[in-house]
Amino acid sequence: MMTRKPILSGILFGLLILIVALALKFAAARHLVSVDMPMRAIQILVGLMMALYGSAIPKKLPRFREGDNGLVQSLQRTTGWLLTVAGLGYAAVWALVPLSEAAGWSMAVVGAAIALVAVFVVRTHLAQRAGRATG
Amino acid sequence: MNAVFKALADPTRRRVLELLKSGPKTAGELSDQFPFSKPTMSAHFTVLREADLVDMQKSGKTVVYRLKLSILEDALLSFADAVGVVSRNVTASKSRALKKGTP
């Protein structure tokens, strides 16, 4: 679903987040769940969405070229793994860490993943340039 | 999803996916790694393509395959491999025990 209908899946996920947020706010106002539950649930959903989108990255193949050495594909796989693990980590932080510290830790997890992705992008770019230079 | 499980259930197809992790390969390069006939390998490639786990491109007279695994499918592949190795070991030890005459 994620790869074939990205717009529809994005809209459905957005609706799911809105419905869960409203339902939990309603429940918290009536003391059915704790007051921090709506925030935690939304952030866990955001983390799971990041993991799902990260998982789908390697499915979107670059256009095939003669003599393709698989460097871009390898970068896509690495990026997919990093964002999937970061998304799951983000969700785990919001599920387990005290609310006052969760924002900082979750941002650290995602920030570290994005920094690593940037490093791999630069490495791949340099390797491709070196490959082109040597013919 | 059923097609994915069917594709990952076979050790030959799992090995093809593992080989493609190192980059795109032609049908010939992949077939050379296995003791099977070309039609058999072609059938395996078709199952993988129908499950959307590989991408096929024609380049002149050769057919090039590329990996098309999501991270979830990649994790499933690793899991299926691990389970496959364990079940092969269990089957082998059972058959050795049967040959020795011990239950």
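Quick notes on this one:
- The relative contact order of chain A comes to 23 percent, based on Cα pairs under 8 Å that sit 6 or more residues apart.
- Chain B, relative contact order [Cα under 8 Å, separation at least 6], %: 31
- Rounded to 10°, Cα long-axis angle of helix A:99-134 versus longest principal axis of chain A: 10
- Relative counts (whole %) of C-alpha pair distances in the protein assembly as shown, using bins that are 10 Å wide: 7, 22, 27, 22, 14, 7, 2, 0
- Cleavage-rule hits, trypsin sites (Lys or Arg not before Pro), segment A:34-115, DSSP coil, Cβ neighbours within 10 Å at most 14: A:Lys60, A:Arg63, A:Arg65
- For B:Val63, the residues whose amide H sits under 5 Å from its own are B:Ala27, B:Gly28, ignoring neighbours fewer than 5 places away on the same chain, with H placed 1.01 Å from N.
- Counts of other chain beta carbons within 10 angstrom of each beta carbon in peptide A:47-57 average 2.
- Computed over segment A:29-135, the range of Cα coordinates on each principal axis works out to 68, 23, 15 Å, biggest value leading.
- Between chain B and chain A, roughly 1600 Å² of accessible surface gets buried, counting both sides and using a 1.4 Å probe.
- Entries of B:Lys25/B:Lys94; A:Lys60/B:Lys21; A:Lys60/B:Lys38 with Cα pairs more than 26 Å apart: B:Lys25/B:Lys94; A:Lys60/B:Lys38
- When the charge dipole of the protein assembly as shown is built from unit charges on Cβ atoms (+1 for Lys and Arg, -1 for Asp and Glu) and taken about the Cα centre, the candidate among A:Leu82, A:Gly14, A:Ala28 whose Cα reaches farthest toward its positive end is A:Leu82.
- Amide H contacts under 5 Å for B:Lys68: B:Val54, B:Asp55, restricted to partners 5 or more places along the chain or on a different chain, H placed in the peptide plane at 1.01 Å from N.
- In Hz, Karplus ³J(HN,Hα) per residue of segment B:21-34 (6.51, -1.76, 1.60; θ = phi - 60°; x = Gly, Pro): 5, 7, x, x, 9, 7, 4, x, 4, 5, 4, 4, 7, 10
- In chain A, the longest principal axis of the Cα atoms and the axis of helix A:71-96 are about 20 degrees apart.
- Stokes-Einstein diffusion for chain B at 25 °C, viscosity 0.890 mPa s, with a Kirkwood radius from C-alpha pairs, works out to 165 µm²/s.
- For B:Lys68, the aspartates and glutamates whose Cα comes closer than 14 Å to its Cα, not counting residues fewer than 8 places off in the same chain, are B:Glu18, B:Glu50, B:Asp52, B:Asp55.
The values are calculated or read from the model by the stated rules, or taken from the named source; none is laboratory data. Small disclaimer: the values here were computed from a predicted structure and weren't measured. Note: ideal-geometry Cβ built from the backbone for every residue, glycine included; neighbour counts use all protein chains shown. Only protein heavy atoms, including side chains, enter the accessible area calculation; ligands, DNA and RNA are left aside. Shrake-Rupley method; radii C 1.70, N 1.55, O 1.52, S 1.80 Å.
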